[in-house]
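**Q** I'd like to ask you about the structure that follows.
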Amino acid sequence: MRQIVSDNVQHETIADRFLSQLGNAYLCLPEACYARHLPRPIAQAQLLYFNPALAQELKLDANLCTRDDLTQIFCGNLLPKQAEPIALAYAGHQFGYFNPRMGDGRALLIGTLQDQWGQLRDLQLKGSGPNPFSKRGDGLAALGPVLREAIVSEAMQALGVPTTRTLAAVATNQTVYREQPLPGAILTRVAHSHIRIGTFEYCAAHGGEAMLKAYLDYAITRHDPDLIGVEQPALAFLSRVIERQAKLIAHWMAIGFIHGVMNTDNMAVSGQTIDYGPCAFLDVYSHDKCFSSIDEQGRYAYGNQPQIGLWNLTRLAQALLSVINVDGEKAIEQARAALSQFQPLYERAWLQHMRLKLGLSNEQDGDGQLVADFLSALEKHKLDFTLSFRDLAAMAVTQTIPATYRPLQDWCDHWRARLNNQTQKPEESAMMMRNANPRFIPRNHRIEQAIAAAVTHNDYSLFHTLMDVLSKPYEDQPDWAAYAAPPNAEECVLMTFCGT
């Protein structure tokens, strides 16, 4: 299957060569799990961003292509002959309410590639036009949300957080109508898979045990091949997903990230962060901070993320009950036992991150309280989350407290006593802390500035600067110190938007 916008044979050959390894591993699933569809043709397009390092990981040789070739490939106009694009079906609990039939309404999975480590990766065009799951939607993506996902997903990668990646971003000549007319764009997203908790909810609602087993076997083969042949694969898989999500959310909490829309269709069983909609990062620390314009009750606020993660995983367990055990009561008992591991797994992972952030090289009773007291002090005195942790690294060595942190004197005394109660030298603690506490995060106001410049003035210089600075979050980068600073009062972002 191939879509061509010109008779240029060279383009066709380049598309075939560039994506020569493209397949589609999802086609082994029952056809009810997806819908075949082609991207909408784009008359004019502009390549805004291409990720050569990620392309190399995917064994894609960008030297084969001109910029125009890449533009045509990543807007969906040029596909290799073996491409079989599909939109995936899934369901989901959205803000607690079940929607039984959703799916990739504005995205197409172009296919799967094997990366340089032998792992399968999904290649998806987000904003590629309407398909059978679009319902009354246009299937398009606006430029702003595409730039936001590119910025944040690649920043998360640099921060060491499991995440989907951005291979390319392309501006289109299409107008996308939301609250106002907006320029359109397409994002090429790379993921370990697009299998979601909502995927299994869809199978349970529409395909029963046969579809559940087919998707379960597929997911295990892709993500947990060591579980092939175990006695209770569904239960073992559930436990793996629980562990991955506990560790992922702990990492979010450690860097002050707020996903913003933790519906079950936005939670990947791979343990990667996926679907960067109204996401944001903490500036001033607040346990209950919520930015999302569509989260009116604060369901997905920063401090609620661990308990929502468990709630979502409970929905996964419910969907899998019929394949966990033929005895319904035993299935429930076993699922509950697996779910009971989430909280200790999360707390262990979270405290491990926080010990690194405080320069603690060993474990001692009271560490959790030390962290809690620091966070309470940050909230009370309205201090910046990211820079407060980063500044502690200097305080570990100098033994002095800057004026900003004088209100935390008592806490600092306890913390220093704790540092002195380990064999690690202060300089070693400081190095550990600098490696665990970024200087640069995707500040909400910087993202908005970059989007505004692109949308209003067709100026992508701020976007590219931000992408470059955020690729080295743990380095000081003195020339870009302003990008580490919190927003001024008039720059504060109070609300973020989903973009759908």
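The values are calculated or read from the model by the stated rules, or taken from the named source; none is laboratory data. Everything numeric in this text was worked out from a predicted model, so none of it was measured. Quick reminder, even Gly has a Cβ in these numbers, built from the backbone with ideal geometry, and neighbours come from all protein chains shown. Accessible surface is based on the protein model in full, side chains and every heavy atom, while ligands, DNA and RNA are left aside. Shrake-Rupley method; radii C 1.70, N 1.55, O 1.52, S 1.80 Å.
**Q** Count charges around Ala150 for me, please; just the other residues with Cβ under 11 Å from its Cβ, Lys/Arg as +1, Asp/Glu as -1.
**A** Summing Lys/Arg as +1 and Asp/Glu as -1 gives +2.
**Q** For Gln343 paired with Arg416, estimate the spin-label separation in nm (one decimal), with each label point 7 Å from Cα along the Cα-to-Cβ line.
**A** With each label point 7 Å from Cα toward Cβ, the separation is 3.7 nm.
**Q** Please give the length that would be gained between Ile294 and Glu427 if that part of the chain were fully extended, namely 0.36 nm times their separation in residues minus their C-alpha to C-alpha distance (nm, one decimal).
**A** Difference between extended and current length: 43.4 nm.
**Q** Continuing with this model, one more query. Under a plain spin-label model, where a point goes 7 Å from the Cα along Cα-to-Cβ, how far apart in nm are Gln318 and Glu475?
**A** A separation of 4.8 nm, rounded to one decimal place.
**Q** Please report the orientation-averaged projected area of region 375-500, defined via the convex hull of its C-alpha atoms, in nm².
**A** Here the figure is 9.8 nm², rounded to one decimal.
**Q** Something else: On average, how much accessible surface per residue is there in region 132-176, in Å², for a 1.4 Å probe, leaving out ligands, DNA and RNA?
**A** On a per-residue basis, 27 Å².
**Q** Counting DSSP beta bridges with both partners in the chain, what percentage is antiparallel, nearest 5?
**A** 95
**Q** Tell me the label-point distance for the pair Asn458, Gln119, using the 7 Å Cα-to-Cβ offset, in nm and rounded to one decimal.
**A** Inter-label distance under the simple model: 4.0 nm.
**Q** Turning to a different aspect of this structure: Using the crude model of +1 on Lys and Arg Cβ and -1 on Asp and Glu Cβ, and no other charge, please compute the dipole size for the chain relative to its Cα centre, in debye to 20.
**A** The calculation lands at about 320 debye.
**Q** Would you mind working out the accessible area per residue for region 356-465, using a 1.4 Å probe, and quoting it in Å²?
**A** 47
**Q** Using only Cα positions of region 92-244, each an equal point scatterer, no hydration layer, compute I(q)/I(0) via Debye at q = 0.16, 0.19 Å⁻¹ and quote the log10 values to two decimals.
**A** The Cα Debye sum returns log10 ratios of -1.07, -1.35.
**Q** Answer with one residue from Gly111, Thr400, Gln297: the one whose Cα lies farthest towards the positive end of the charge dipole of the chain, charges on Cβ with Lys, Arg +1 and Asp, Glu -1.
**A** Positive-end residue among those listed: Gly111.
**Q** Further, regarding this structure: For Gln180 and Phe98, what does the FRET efficiency come to when R0 = 30 Å and r is the distance between their Cβ atoms, rounded to the nearest 0.05?
**A** 0.40
**Q** Between Val469, Cys28, Pro344, whose Cα lies farthest towards the positive end of the dipole of the chain when Lys and Arg beta carbons carry +1 and Asp and Glu beta carbons carry -1, centred on the Cα centre?
**A** Toward the positive end, the furthest listed residue is Cys28.
**Q** Can you give me the Rg/Rh ratio for region 276-428, using Cα atoms for both radii and the Kirkwood formula for Rh?
**A** Ratio value, two decimals: 1.09.
**Q** Can you list the aspartates and glutamates whose alpha carbon sits under 19 Å from that of Lys380, skipping same-chain ones fewer than 8 residues off?
**A** Within reach: Asp283, Asp288, Asp391, Asp410, Asp413.
**Q** For the pair Lys213 and Asn362, what calculated FRET efficiency results from E = 1/(1 + (r/R0)^6), where r is the Cβ-Cβ distance and R0 = 51 Å, to the nearest 0.05?
**A** With R0 = 51 Å, the Cβ-Cβ based efficiency is 0.65.
**Q** Is there a pair in Lys382/Lys472; Lys425/Lys472; Lys135/Lys289; Lys59/Lys247 whose C-alpha atoms are over 31 Å apart, and which pairs would that be?
**A** Where the Cα-Cα span goes over 31 Å, the pairs concerned are Lys135/Lys289.
**Q** Next question, about the same structure. If you fit an axis through the alpha-carbon atoms of helix 342-357 and take the longest principal axis of the Cα set of the chain, what angle between them do you get, 0 to 90°, nearest 10?
**A** 60
**Q** Just to confirm a number: summing +1 for Lys and Arg and -1 for Asp and Glu over residues other than Glu57 whose beta-carbon lies under 9 angstrom from that of Glu57, what do you get?
**A** Charge balance in the 9 Å sphere: +2.
**Q** What number, in nm² with one decimal, is the all-direction average of the projected area of the convex hull of the alpha-carbon atoms of the chain?
**A** The orientation-averaged projected area of the Cα hull of the chain comes to 24.1 nm².
**Q** Amide H neighbours of Tyr49 under 5 Å, counting only residues 5+ apart in sequence or on other chains, H built in-plane at 1.01 Å?
**A** Ala169
**Q** Still on this model: Once both axes come from the Cα atoms, what is the angle between helix 367-380 and the longest principal axis of the chain, in degrees from 0 to 90, rounded to 10?
**A** 90
**Q** Can I ask one more? Name the residue farthest towards the positive end of the dipole of the chain from the options Ile441, Thr264, Tyr285, assuming +1 on Cβ of Lys and Arg, -1 on Cβ of Asp and Glu, about the Cα centre.
**A** Working it through, the farthest residue towards the positive pole turns out to be Thr264.
**Q** Now, a different point. How much length is gained if the chain between Ala489 and Ser376 is pulled fully straight, taking 0.36 nm per residue apart and subtracting their Cα-Cα distance, in nm to one decimal?
**A** So the chain would gain 38.5 nm between Ala489 and Ser376.
**Q** Next question. Give me the angle, in degrees from 0 to 90, between the Cα long axis of helix 426-436 and the longest principal axis of the Cα atoms of the chain, rounded to the nearest 10.
**A** Result, in degrees: 30.
**Q** Straight-line reach from Lys213: which lysines have Cα under 23 Å away, leaving out those fewer than 8 places along the same chain?
**A** Straight-line reach from Lys213, under 23 Å: Lys330.
**Q** Provide the FRET efficiency to the nearest 0.05 for the Gln369-Gln307 pair, computing r from the beta carbons and using R0 = 25 Å.
**A** 0.75
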